[in-house]
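Reading through the structure tokens given below for one structure.
All of the numbers you see were taken from the coordinates with simple rules; none came from a lab. Since we're looking at a predicted model, the values are computed, not measured. Positions of Cβ are generated from backbone atoms using ideal geometry, with glycine treated the same way; all protein chains shown enter the neighbour counts.
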Amino acid sequence: MAIYKEKDFNERRGAANEAKKALLERFKSKPSADDPEMIARQQERKAILEARELRAREKEIAKQEKLAREAAERAEKARIDEEARIAAEIAAKAESEASAAEESERVARYLAEEAERKAKRDARYAARKGRSGTRRTA
């Protein structure tokens with residue numbers, strides 16, 4: 001049967017000292033700022049940052065070009081839509097004028113037919129009046 005044994009104060013203090021020593025060794029083992037390896041890492045990081053900034057600028061330029069292209073396409077579409085609307089208005093106006101001319105022609109024909117029927121009716125009436133003055137003898 002295993003018995004759990006708690007660590008006493010000395011053991012905990014020793015473990016803490018060991019951890020501090022390990023941390024100090026890690027810090028001491030790091031190269032200094034003038035070390036060629038550190039200088040190379042800094043230059044590498046700087047090159048990475050510059051490349052990242054360059055890509056960001058290129059991305060922004062591409063975005064601006066895309067926005068300009070889309071704006072030009074929208075303007076072209078609006079122009080085409082406006083031309084189509086104007087053409088439709090002109091066609092509708094021409095159609096209404098044609099239907100108005102057709103209607104006036106139909107009315108003129110109707111009035112001419114009415115005048116012709118009235119003239120025939122008046123001729124029949126005048127003929128009947130002309131006949132009523134003379135009597136027939138059988």
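Within the listed set Ala47, Ala56, Ala15, the residue fluctuating most in the Gaussian network model of the chain (springs between alpha-carbon atoms under 10 angstrom) is Ala15.
Each principal axis of the Cα cloud of the range 32-103 was taken in turn, and the coordinate range along them, longest first, works out to 101, 9, 8 Å. Entry note, the chain: the mean residue ellipticity at 222 nm calculated from DSSP H runs of n ≥ 4, each adding -39500 (n - 2.57), is -32500 deg cm²/dmol after division by the residues and rounding to the nearest 500.
Between the helical axis of 36-132 and the longest alpha-carbon principal axis of the chain there is an angle of about 10 degrees.
Using equal-weight Cα scatterers in the Debye expression, the normalised intensity of the chain in log10 at q = 0.15 Å⁻¹ is -1.04. To test your reading of the geometry: what angle, between 0 and 90 degrees and rounded to tens, separates the Cα axis of helix 9-29 from the longest principal axis of the chain? The two axes meet at around 70 degrees.
Each of Ile39, Ala88, Val107 was scored by the projection of its Cα onto the charge dipole of the chain, and the greatest displacement toward the positive side belongs to Val107; charges sit on the C-beta of Lys, Arg, Asp and Glu. Which lysines have a Cα lying under 21 Å from the Cα of Lys66, excluding residues fewer than 8 positions away in the same chain? Within the straight-line cut-off, Lys66 pairs with Lys77.
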